[in-house]
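> What follows is a structure written as structure tokens; I'll ask about it next.
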Amino acid sequence: MIEIFSTAQAESESGIEFWNTLLGETYRGLIVDPVGQRFHAELKRWSLDGMTLTWPQSAAARISRSRAMRSDDALVLHVLHAGQCTVSHRGREAHLAPGDMVLCAAQEAYTFEAPERHQMLIVEFDQAMLASRMTDVEAHLARPVSGQFASTRILRNFLLSLWHEASANLDGPTSAVYSDTILSLVVAALQAEPSQAVAGDDPLLARIKGIVEARLGDAGLTPSAIADQIGMPLRTMQLACSKRGITLSNYIVRRRLEKARELLVNRPGVPVTAIAYELGFNDCAYFARRFHAAFGVSPTEFRTRH
């Protein structure tokens, strides 16, 4: 059964005390420090066959988990659904864009810096559940996996499907099938990408992503413009991205569409055309076609559904 919580339920003005108590009950040692004076967040929580699934939506904040003594070795899968954040874990630091995922050790300290409103799809489970499927689990901890890979997108979409269908009593005898599918998809995603996606080990990719995020609204943002800003031949940069499974022109469009999807929900009073122009789309018909191709619905229909 899904539980739904919101800081609106809190009696205090900020709601942060309520939120931290709730998160501490869900994930031991987790603390949120809001960036702004007023803080609003929502959380969906669900237990599924030995797994704890949550879907938090939060204002800008710093989320930290302290080192904890546990009788079990649990893992926490984080899939960034909307917004931006930087994760620090095991001495590594990496920027996450929507769709990217990272696996963390629950008993160890880690932090997420989210400078804007964001959403995460989170699954916590016993490490033994994954270790029975792959022998090098430790090698994949704290190493972000790009959301550009098909296996990562499939995992993200499956988690979203579970949340959207959760009211259909998925907690019955078939729950083991769903948890088993999650684990299989996690393995596929982890094995799809080598470890060079870590920002600390791959400053070029981190810089490219940073430029894209900073210039999403710039209609002149192209692979050539990024190459000029970095001071690297275009062909060399494209080959470097290709080796990491990224086609830069597609990545730029994808990030704009993901940001548009977020703004359609968070700014209900802003016209669709205004959002398209704000994100560098000069042709609204082209924006609508690309949005439908990416998400299966038109921008207007997506806003109506959410």
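The values are calculated or read from the model by the stated rules, or taken from the named source; none is laboratory data. Keep in mind that what you see is a predicted model, and the values were worked out from it rather than measured. In this analysis, Cβ positions are derived from the backbone assuming ideal geometry, glycine residues included, and neighbour counts consider all displayed protein chains. All accessible areas refer to the heavy atoms of the entire protein, side chains included, with ligands and DNA or RNA removed. Shrake-Rupley method; radii C 1.70, N 1.55, O 1.52, S 1.80 Å.
> What accessible area per residue comes out for the chain, rounded to a whole number of Å², with a 1.4 Å probe?
Averaged over the residues of the chain, the accessible area is 45 Å².
> Which FRET efficiency value, to the nearest 0.05, is calculated for D126 and S64 with the Förster distance at 25 angstrom and r the Cβ-Cβ distance?
0.65
> Let me ask something else. Over the chain, with every protein chain in place, what whole percent of the accessible area is carbon and sulfur at 1.4 Å, could you tell me?
The C+S portion of the solvent-accessible surface of the chain is 52 percent.
> Taking every Cα atom in the stretch 157-296, find the radius of gyration and the maximum pairwise distance Dmax, and write them in Å.
18.7, 57
> What relative contact order, as a whole-number percentage, does the stretch 11-108 give when Cα pairs under 8 Å and 6 or more residues apart are counted?
22 percent
> Further question: Where a Cα-Cα gap under 13 Å defines reach, which aspartates and glutamates qualify for K259, not counting those fewer than 8 residues away within the same chain?
Answer for K259, where 13 Å is the Cα cut-off: E116, E213, E278, listed by chain and number.
> For L160 and D49, compute 0.36 nm times the residue count separating them, minus their Cα-Cα distance, and round to one decimal in nm.
Here the answer is 38.2 nm.
> Give the relative contact order (percent, whole number) for the stretch 206-292; include only Cα pairs under 8 Å separated by 6+ residues.
Computed over the stretch 206-292, the figure is 32 percent.
> Related question: Quick check: net charge around M1, other residues with Cβ under 14 Å of its Cβ, Lys/Arg +1 and Asp/Glu -1?
Net charge around M1: -2.
> Which FRET efficiency value, to the nearest 0.05, do you get for R305 and D228 by plugging their Cβ-Cβ distance into 1/(1 + (r/R0)^6) with R0 = 35 Å?
Efficiency, rounded to the nearest 0.05: 0.30.
> Starting from the Cα of F295, step 7 Å along the direction of its Cβ; do the same at M1; then give the gap between the two resulting points in nm.
The modelled label-to-label distance comes out at 3.2 nm.
> Taking the chain as the region of interest, what is the percent of Cα-Cα pairs per 20 angstrom bin, listed from the shortest bin to the one with the maximum distance?
In whole percents, the pair-distance histogram is 31, 60, 9.
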